[in-house]
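The values are calculated or read from the model by the stated rules, or taken from the named source; none is laboratory data. Because the structure is a prediction, the values reported are computed rather than measured. Here the Cβ is made from the backbone with ideal geometry for all residues, glycine too, and neighbour counts use every protein chain on show. The area values use the complete protein model at the heavy-atom level, side chains included, leaving out ligands, DNA and RNA. Shrake-Rupley method; radii C 1.70, N 1.55, O 1.52, S 1.80 Å.
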Amino acid sequence: MSDLFPPIAEYAFLSDREVMALVAPDGNVEWLCLPRPDAPSVFGAALDRGAGGFRLGPADHNVPAGRRYLPGTLVLETTWQTRTG
């Protein structure tokens with residue numbers, strides 16, 4: 001996780017209209033409130049780098065090769081490229 005904040009336009013927004021999350025360009029979930037949008041944040045790195053986040057990705061790569069929303073869904077598809085594939 002970088003000390004710098006990415007531009008807000010680079011965050012992905014995931015929501016099912018009950019839970020909402022902001023995902024940074026490096027795949028880190030940086031904003032998530034549970035169990036409702038008005039609940040206290042579980043992850044808050046989008047506002048304070050020390051407020052935590054969650055990332056699942058290859059250990060030796062910090063930036064995905066690509067990501068996109070699958071058309072007609074709430075799915076954010078993230079593609080990682082490593083030396084072995």
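Condition (residue is free of Cβ contacts under 8 Å to residues at least 24 places away in the same chain and within 11 Å of the chain's Cα centre (by Cα)) applied to the stretch 1-19: is it met by at least one residue?
Of the residues in the stretch 1-19, the ones free of Cβ contacts under 8 Å to residues at least 24 places away in the same chain are 4, 6-10, 13, 17-19.
Cutting the leftovers down to within 11 Å of the chain's Cα centre (by Cα) gives us 10, 13.
Within the stretch 1-19, one or more residues are free of Cβ contacts under 8 Å to residues at least 24 places away in the same chain and within 11 Å of the chain's Cα centre (by Cα).
Taking the stretch 20-38, which residues are farther than 23 Å from Gln81 by Cβ and within 9 Å of the chain's Cα centre (by Cα)? Result: Ala21, Leu22, Trp31. Here's a check for you: in the stretch 43-76, which residue that is outside any loop (DSSP other than H, G, I, E, B) and open to solvent by less than 70 Å² (accessible area, probe 1.4 Å) is farthest from Ala9 (Cα to Cα)? Here the answer is Phe43.
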